Structures are given as structure tokens and as C-alpha cells.
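Here, each number is a calculation from the coordinates, and none is a lab measurement. Predicted model, so just to flag it, every value in this text is computed and none were measured. All Cβ positions, glycine included, derive from the backbone under ideal geometry; neighbour counts span all protein chains shown.
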Amino acid sequence: MNVVELTEEIVKSLVVNTDAVSVKEFPTEDEGVILIQVMVDESDMGRVIGREGRTANAIRTLVQASSALHENKYIKIDIDKF
């Protein structure tokens, strides 16, 4: 499972409207960085970000740990709403 699929599975397990989840990887100028954009429904933003950003930071930590085991690239995750 790559980091994009892992991010999508984690986010879909948190939200109510799973059909509105979109996770895409975008190229960056730096080869050692992967940018992942997560789009969720506006009503699910609180679930994904969490209190004081704790859930979002936990998602970033899990995905970064997976990347360290497989690709060893830095992961940037941007969370936004539709």
C-alpha cells in the first residue's frame, strides 16, 4: 500500500461522507518530498482535523512513518474542503 492509499483509508475511516473524500498526489520541485492533497466534505472537516489539529497531526505521523519504511521521502499533507 502506498502513502496515498494509506492516507485515503485513514481519512475515509474518520468521515461520515466517504464518497466526498478525494486524495491526490502532486509533484513537487524537491525529489525527496511528496505532496498529498486531501479534500473532504465541509461537514467532515472537524473530524479530520480534530481538536487543536491532533487528528491531522496523527494522520501525518502515520503516513510519514509508512514512508520512512518504504520510500523514505518527506510527506506534506494539505487538508481542504469542497
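Here are some notes:
- For the chain, a crude dipole built from +1 on the beta carbon of Lys and Arg and -1 on the beta carbon of Asp and Glu, taken about the Cα centre, is about 340 debye to the nearest 20.
- Here the label points at E5 and S22, each 7 Å from Cα along the C-beta direction, are separated by 2.2 nm in the simple model.
- Label-point separation, Q37 to L69 (7 Å along Cα→Cβ), nm: 2.9
- Largest to smallest principal axis extent of the C-alpha atoms in the chain, angstrom: 34, 23, 21
- Each Cα pair under 8 Å and six or more residues apart adds its separation to the average, and for region 11-56 the resulting relative contact order is 34 percent.
- As a length-normalised measure over Cα pairs under 8 Å and 6 or more apart, the relative contact order of the chain settles at 33 percent.
- For GluC sites (Glu not before Pro), the sites in region 1-50 that DSSP calls loop and that have at most 10 other Cβ atoms within 10 Å are E29, E31.
- Rounded to 5, the percent of DSSP beta bridges in the chain classed as antiparallel: 40
- Under 14 Å from a label point set 7 Å out along the Cα-to-Cβ vector of A58, the amide N atoms of region 1-41 belong to 10-15.
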